[in-house]
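Student: Next up is a structure, given as structure tokens.
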Amino acid sequence: MTHPHNFSAGPAILPAEVVKEAAQGVLNFNNSGLSILEISHRSTDFINVMEEARSLMKELMGLGNDYQTIFLGGGASLQFAMVPYNLLPQTGTAAYVNTGVWANKAIKEAKLLGNVNVIASSEDKKFSFIPKNYTIPKDASYLHITSNNTIYGTQAHSFPDSPIPVVCDMSSDIFSRRVDFKKFDLIYAGAQKNIGAAGATVVVVKESILGKADRKMLSMLDYRVHIKGESMFNTPPVFSVYVCLLTLKWLKKNGGLAWIEKINKEKADAMYAEIDRNSLFTGTCAKEDRSWMNACFLLTKPELEETFNKMWKEAGISGIKGHRDVGGYRASLYNALPLESVKALVDVMKEFEKKHA
């Protein structure tokens, strides 16, 4: 069976060789005769997986020993609460930039734990741009930003120099390009878009910012507990961590962030060139803030929706329906999506215009 062109927004496409190796691990992991699904997380085999995955994360980011990497469960949604729980004193204030649904959810959780100052927002224009040139309050406990907004198709292409610790939700664009990761004091990301299989969340944190919240800490919500336990304070999402390791090794083997950045730029350039050229489509956000990961676009003739849907499905394309908050279409261009898939979608769009413009 031919593999569909998978533009799913997440869980998303994985490299074919990673899927193949992960499948073998399900049958017989590391020639142990056991499945990765059934080995002990305290076994030497899995401890090695965890240690290598944590190390590779920092290596690819170019970070030193002042940062710690941990794998947790709960997705980015749990991090919306863990970040203020660990970093926001009860009488303190946190600064947030609101760029969409996920930033809004993070703000909502933080407000349950302390004061929140939304210092910039694009809500007044339906989150169609990334706010810039905002003033960062020096007395805030931290600044929280979201680097990529999957629903609205916007992405931060630069990051502010901040007088306070910077926290970034990179769930949908981590490892998609070169970034000065030292600008951030805490980064979190769900694994299911660019890193691996759903189930694991990665947190990279500078240890010096921890231990300043003036509350009694629940063990499961305390980053320091998970750092001390080397991501195994409780049973980790074993299979997901294993797939993360395989994906990180794939990324390193092929040339790291410089390699994937070049490919991702090619994919985004090809996708947006067709959106801009084609009379039957229009983009949804400011051009300077367009996401390399999630290209969102609308039909200029909505009455042709069923016709277009039929064409892309017949071409073996999957997962381009837009989020309900925006409508239209969303082509997610995550790391493992090949350029050939983008070309296949562009060809359908060209044929669609030829027949129906």
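The values are calculated or read from the model by the stated rules, or taken from the named source; none is laboratory data. Note that this is a predicted model, so its numbers are computed, not measured. Reconstructed Cβ throughout: ideal geometry from the backbone, glycine too, with neighbour counts over all protein chains shown. The area values use the complete protein model at the heavy-atom level, side chains included, leaving out ligands, DNA and RNA. Shrake-Rupley method; radii C 1.70, N 1.55, O 1.52, S 1.80 Å.
Student: Among the listed residues Ala23, Ala9, Ala16, Ala53, identify the single one that is among the small types (Gly, Ala, Ser) and in contact with a strand residue (DSSP E or B) (Cβ under 6 Å, 6 or more places away or on another chain).
Tutor: Step by step, each of Ala23, Ala9, Ala16, Ala53 is checked, and only Ala9 is among the small types (Gly, Ala, Ser) and in contact with a strand residue (DSSP E or B) (Cβ under 6 Å, 6 or more places away or on another chain).
Student: Related question: Sort out which residues of segment 53-73 are in contact (Cβ under 8 Å) with a residue 24 or more places away in the chain and surrounded by fewer than 16 Cβ atoms within 10 Å (Cβ to Cβ), and write them in order of number.
Tutor: Glu59, Gly62, Asp66, Gly73
Student: Could you list all residues from segment 40-51 that are under 21 Å from Ala191 (Cα atoms) and surrounded by 14 or more Cβ atoms within 10 Å (Cβ to Cβ)?
Tutor: His41, Phe46, Ile47, Val49, Met50
Student: If you take the residues in segment 128-163 that are over 15 Å from Phe184 (Cα atoms), in a loop (DSSP other than H, G, I, E, B) and polar (S, T, N, Q), which one is nearest to the chain's Cα centre (by Cα)?
Tutor: Checked segment 128-163; the qualifying residue nearest to the chain's Cα centre (by Cα) is Thr150.
Student: Moving to a separate point now. For segment 18-127, list the helices (runs of 4 or more DSSP H) that sit wholly inside it and hold at least 1 residues that are farther than 24 Å from Ala140 by Cα; which are they?
Tutor: Once the helices (runs of 4 or more DSSP H) in segment 18-127 are filtered for at least 1 residues that are farther than 24 Å from Ala140 by Cα, what remains is 44-61, 75-87.
Student: Same structure again: Which residues, taken from segment 27-39, are open to solvent by 40 Å² or more (accessible area, probe 1.4 Å) and either without any contact (Cβ under 8 Å) to a residue 24 or more places away in the chain or in contact with a Pro (Cβ under 6 Å, 6 or more places away or on another chain) (or both)?
Tutor: Leu27, Asn28, Asn30, Asn31, Ser32, Gly33, Leu34, Glu38
Student: I'd like the residue in segment 200-258 that is surrounded by fewer than 14 Cβ atoms within 10 Å (Cβ to Cβ) and of a type in the set (A, V, I, L, M, F, W, C) and, out of all such residues, is farthest from Pro84 (Cα to Cα).
Tutor: If we take residues in segment 200-258 being surrounded by fewer than 14 Cβ atoms within 10 Å (Cβ to Cβ) and of a type in the set (A, V, I, L, M, F, W, C), then Ala258 is farthest from Pro84 (Cα to Cα).
Student: Please go through segment 306-318 and pick out each residue that is out of contact with any helix residue (DSSP H, G or I) (no Cβ under 9 Å at 6 or more places or on another chain) and either under 11 Å from Leu280 (Cβ atoms) or surrounded by 18 or more Cβ atoms within 10 Å (Cβ to Cβ) (or both).
Tutor: Within segment 306-318, no residue meets the criteria.
Quick grid of which residues meet (1) open to solvent by less than 40 Å² (accessible area, probe 1.4 Å); (2) touching a residue at least 24 places away in the same chain (Cβ under 8 Å):
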{"position": "Lys183", "(1), (2)": "no, yes"}
{"position": "Lys262", "(1), (2)": "no, no"}
{"position": "Glu266", "(1), (2)": "no, yes"}
{"position": "Glu274", "(1), (2)": "yes, yes"}
{"position": "Ser279", "(1), (2)": "no, yes"}
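Student: Within segment 121-150, work out how many residues are surrounded by fewer than 21 Cβ atoms within 10 Å (Cβ to Cβ) and not polar (S, T, N, Q).
Tutor: Total meeting the criteria: 12.
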